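The structure appears below as C-alpha cells.
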Amino acid sequence: GLTLKNNVTLHVVKGATLLGSTNGFEYIVGSLVNAEGAVNVAIEGEGTLDAQGHKWERRRFDANGKHIGWRRPDRPFNVCRFKNCRNVRIEGVFMTNPSSWTCVLNNCDGVVVRKLRIWSHGNTSNDGLDIASRNVLVEDCDIDSEDDALVIKTIEPFHRTENIEVRNCRLSSNSGI
C-alpha cells in the first residue's frame, strides 16, 4: 500500500491502474492508499485504484451453505483511507473492488471530493464513501455500491461530523443510500 505524506498528490493518469496486492501481509494499514495526520494531500487523475477485494471472500459458510459468520480480514479493507488529515482532495479517479468500505474520511477537516467514480460490489459491506469529518464538499460523483453509497457517520467518540455538503451526485445501492 501507499502512504501519502504532507503536501503529496497521487496522480493516476488515464489508462493507468494502481492494483492492490492480494497478499494482506504487504500492507501496513488496511487500505491501498492511506494518509494519517497529513496536510494538503490529494488523489487525482482519470486512472483506477483497484484493491482487488473481490478476490477475497469475507463470509463464512457451513457445509450446507448456510452463512455462519465473518472471517477476520487478511487483506486491506479499503481502497483509500484518510484519518486525522487536513486539506484533502480526491478528484476524478475511479475506485473499485474494496474488500469492505471503498473510501473512508475519518476525522479530517477541509475535504473536497469531486468527480469521484466508485463501483463497489466485490463483497458485502461495500460502502462507497464513508464520511466522518468536518467541512466536506462532495460534488459531481457517481457511486454504485453493494451497501451504502454515501454514509455520513461518526466512527470514533468525540470526533465531530459537521458541515457536509453533497450536490449533483448519482448514488446507487443494493441495500441503502
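The values are calculated or read from the model by the stated rules, or taken from the named source; none is laboratory data. Just so it is clear, the structure is predicted and the values come from calculations on it, not from any experiment. Quick reminder, even Gly has a Cβ in these numbers, built from the backbone with ideal geometry, and neighbours come from all protein chains shown. Keep in mind that these areas ignore ligands, DNA and RNA; they rest on the heavy atoms of the full protein, side chains included. Shrake-Rupley method; radii C 1.70, N 1.55, O 1.52, S 1.80 Å.
Some notes on this structure:
- Beta bridges by DSSP in the chain, antiparallel share as percent, to the nearest 5: 5
- Volume of the convex hull of the range 84-135 (Cα atoms only), normalised per residue: 63 Å³.
- Taking all protein chains together and rolling a 1.4 Å probe, residue 140 ends up with roughly 60 Å² accessible.
- Fraction of accessible area attributable to carbon and sulfur, the chain (%, probe 1.4 Å): 47
- Hydrodynamic analysis of the range 6-50 uses the Kirkwood radius over alpha carbon pairs. Inserted into Stokes-Einstein at 4 °C and 1.567 mPa s, it gives a translational diffusion coefficient of 110 µm²/s.
- Given (1) 64; (2) 45; (3) 73, the label whose value is percent of Cα pairs over 21 Å apart derived from this model: (2)
- In the context of the full set of protein chains, residues of the chain present 49 Å² of accessible surface per residue (probe radius 1.4 Å, heavy atoms only).
- The shape of the range 113-164 comes out oblate: with a ≥ b ≥ c from the C-alpha gyration tensor, a/c is at least 1.5 while a/b does not beat b/c.
- Nearest-10 value in Å² for the accessible area of residue 175, using the 1.4 Å probe: 80
- Count Lys and Arg as plus one, Asp and Glu as minus one, and take only other residues whose Cβ is under 14 Å from that of residue 16; the net charge is then -2.
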